[in-house]
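Undergrad: Provided herewith is a single structure, encoded as C-alpha cells, for subsequent inquiry.
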Amino acid sequence: MKPKERVYNALRKKPVDRVPVYMWYHPGTKRRLAALLEIPEQYVSLAMGDDIRQTWVHNNYAMENVTLEEGASFRDEWGVEWIRRGDFNQINDYPLARASEEEISGYKFPYDDLDRLVDFMLPVIEKRGDYFIGCDISPNVFEMYWRLRGLEQAMYDLVEKNSSVLNLLDACMTFSLSMTDKAMARYDLDWVWAGDDAGSQTNMLMSPAMWRELIKPRLKEIFARIKSGKRITAFHSCGAIRPIIDDLIDIGIDVLNPIQPNCPGMNPAELKREYGNEIAFMGGVDTQGVLPNAGVDEVYRITRELVETMTADGGGYILAASHTVPPETPDENIFAMYDAAGISRESIFDKAADIRKQITHMGNKFCLPRE
C-alpha cells in the first residue's frame, strides 16, 4: 500500500496494512539517524517509513527553511528577528513590540513574498504521486499576532481589544487566507495544515471565552477556505486545549494534532472515546517522559497500546510524537516506536540502503531521481 493510500484509508476508517506514521525530529536526532543510516539528513523520513511529506510556508523559521550559525540572526519577511541558539532558531525581536496604534494599523504583511514562500513546497510536491502531501500555513491568528507583538504584550492586547488589535488579528487571518489560496491553486495538496497554539502544559493560554470571541471566528474563516478547496483540514495546537475541541469540530477541523498526553484533559484514549466519531487524531506519543526515558520494551508496549486504542473503531489515527523526537532519545527506543507501528528496524535499514543506491551526486547537492 502506498503512503498516500494508507493515510487516506486511515482517515476514512478503511482497511490499512499498518497505521500511517509522521514524525518530526529534533535536528540533533535527525543528524544522528542520518549518520546511523548513512544517508543525507533530508532522506531520514523516507528511510524511516513516514507517510506524509510536508513543510512550512508561513512564518516559522524555528526548524526549517533557514539555517544559521550559532549566534547569527536574520530578519524575516514579517520583520521578526530570529537568532540561532542551540539547535533551533528562536525569536529575538518582535517588529511591533514597541509600536504605536498608528504603526500597528500601518503594518504591512509580506504579500510580495507570497510566491517565494509558497515555493518552499517544491521539494515536497515532487513526491505527490506516492506520498500524502501537506502544506503548513501556520501560524495563523493569535500565534502570528504574538510573533509581531511579543507574547506578553499580545495578552494585554487581547484584554484591551481596541480597534488596532482587532484589525491586526484580521490582518493575520487575511494573510493566511491568501497563502491558503495560493498554495491550493498551485499544488496538488492532500491537506492544508493550520496551527495556532492555544494551550500551555497545564491550561489554556487565554480563557476559552476569550478564544471563542477573538480567535475562533477567524480560524473558522481559514477552515472554510480550506474546505472550499476540497482539502482536509489539519490543525495543530500544543498544550491543554480540551475546553475548545468541541469548538474546533464546530468550525470544521478534520485532524487534530499533537495530543500531548501529559497535559490535563489530553489523554488520547479519552479523546478518542469522546470525539473519535467526529475527527481524526495525529500524535499522542509522549516525548517528555516515555520516549526518551522508558525502556525499549515499555516504549513498544505503550506505543502499541496507543495505536490499538486509537484505531479500535477502524482507523482515524496517524501515529506521531507529541513534539519533535528529542536528541536524548535512545536509538533503540525510536526503532521500538516504529516497530510498534509495523515498521521494523530491518525494513528501515533496507530502505536506507535503497536510498543510497539511488542517490546521484551532483556537485555538493544530493538528490533522488524523480519517481
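The values are calculated or read from the model by the stated rules, or taken from the named source; none is laboratory data. This one's a predicted model, so the numbers in the text were calculated from it and none came from an experiment. All Cβ positions, even for glycine, are placed from backbone atoms using ideal geometry, and neighbour counts span all protein chains on display.
Undergrad: Could you list, in sequence order, all residues of segment 194-235 that are of a type in the set (S, T, N, Q) and more than 22 Å from D181 (Cα to Cα)?
TA: S200, Q201, T202, N203, S207
Undergrad: Then there's this: Name the residue that is surrounded by the fewest Cβ atoms within 10 Å (Cβ to Cβ), counting only residues in segment 35-51 that are under 21 Å from the mean Cα position of the chain (by Cα) and not in a loop (DSSP other than H, G, I, E, B).
TA: Of everything passing the filter in segment 35-51, Q42 is surrounded by the fewest Cβ atoms within 10 Å (Cβ to Cβ).
Undergrad: From the list R75, R84, R116, pick out the single residue that is under 20 Å from V57 (Cα atoms), crowded, with 16+ Cβ neighbours inside 10 Å and among the basic types (K, R). Break it down into steps so the answer makes sense when it comes.
TA: Details: R75 fails: crowded, with 16+ Cβ neighbours inside 10 Å; R116 fails: crowded, with 16+ Cβ neighbours inside 10 Å.
Going through R75, R84, R116 in turn, just one is under 20 Å from V57 (Cα atoms), crowded, with 16+ Cβ neighbours inside 10 Å and among the basic types (K, R): R84.
Undergrad: Can you find a residue that is without any contact (Cβ under 8 Å) to a residue 60 or more places away in the chain, assigned to a strand (DSSP E or B), out of contact with any helix residue (DSSP H, G or I) (no Cβ under 9 Å at 6 or more places or on another chain) and not hydrophobic (A, V, I, L, M, F, W, C) anywhere in segment 65-78?
TA: Yes, segment 65-78 contains at least one residue that is without any contact (Cβ under 8 Å) to a residue 60 or more places away in the chain, assigned to a strand (DSSP E or B), out of contact with any helix residue (DSSP H, G or I) (no Cβ under 9 Å at 6 or more places or on another chain) and not hydrophobic (A, V, I, L, M, F, W, C).
Undergrad: Additional query: Checking Y317 against (1) in contact with a helix residue (DSSP H, G or I) (Cβ under 9 Å, 6 or more places away or on another chain); (2) under 30 Å from I249 (Cα atoms); (3) surrounded by fewer than 19 Cβ atoms within 10 Å (Cβ to Cβ), which single condition isn't satisfied?
TA: (3)
Undergrad: Okay, next question. How many residues are touching a helix residue (DSSP H, G or I) at 6+ places or on another chain (Cβ under 8 Å), among the charged types (D, E, K, R) and over 25 Å from R53 (Cβ atoms) if we restrict to segment 182-219?
TA: Counting residues in segment 182-219 that are touching a helix residue (DSSP H, G or I) at 6+ places or on another chain (Cβ under 8 Å), among the charged types (D, E, K, R) and over 25 Å from R53 (Cβ atoms) gives 3.
Undergrad: Yes or no: P264 touching a His at 6+ places or on another chain (Cβ under 8 Å) and surrounded by fewer than 19 Cβ atoms within 10 Å (Cβ to Cβ)?
TA: Details: touching a His at 6+ places or on another chain (Cβ under 8 Å): no; surrounded by fewer than 19 Cβ atoms within 10 Å (Cβ to Cβ): yes.
Answer is no for this residue.
Undergrad: Quick one: in segment 320-363, which of the residues that are of a type in the set (S, T, N, Q), surrounded by fewer than 19 Cβ atoms within 10 Å (Cβ to Cβ) and at pLDDT 95 or above is farthest from Y275 (Cα to Cα)?
TA: S347
Undergrad: With surrounded by 20 or more Cβ atoms within 10 Å (Cβ to Cβ) and at pLDDT 95 or above as the only criterion, which of A234, A209 stands out? Walk me through how you get there before you give the answer.
TA: Details: A209 fails: surrounded by 20 or more Cβ atoms within 10 Å (Cβ to Cβ).
Exactly one residue qualifies, and that residue is A234.
Undergrad: Further question: Check P139, P123 and return the single one that is modelled with pLDDT under 95, under 21 Å from the mean Cα position of the chain (by Cα) and either surrounded by 15 or more Cβ atoms within 10 Å (Cβ to Cβ) or of a type outside the set (V, I, T) (or both).
TA: Working: P139 fails: modelled with pLDDT under 95.
The match here is P123.
Undergrad: Still on this structure, I have one more. Quick one: in segment 149-202, of everything that is part of a loop (DSSP other than H, G, I, E, B) and either over 23 Å from the mean Cα position of the chain (by Cα) or among the basic types (K, R) (or both), which residue is nearest to S237 (Cα to Cα)?
TA: Step one: of segment 149-202, the residues part of a loop (DSSP other than H, G, I, E, B) are 150, 161-162, 187-190, 196-198, 200-202.
Retained after the next criterion (residues that are either over 23 Å from the mean Cα position of the chain (by Cα) or among the basic types (K, R) (or both)): 161-162.
On the way: K161: 23, N162: 26 Å.
Of everything passing the filter in segment 149-202, K161 is nearest to S237 (Cα to Cα).
Undergrad: Tally up the residues in segment 52-64 that are of a type outside the set (A, V, I, L, M, F, W, C), part of a loop (DSSP other than H, G, I, E, B) and within 20 Å of P326 (Cα to Cα), please.
TA: Final tally of qualifying residues: 3.
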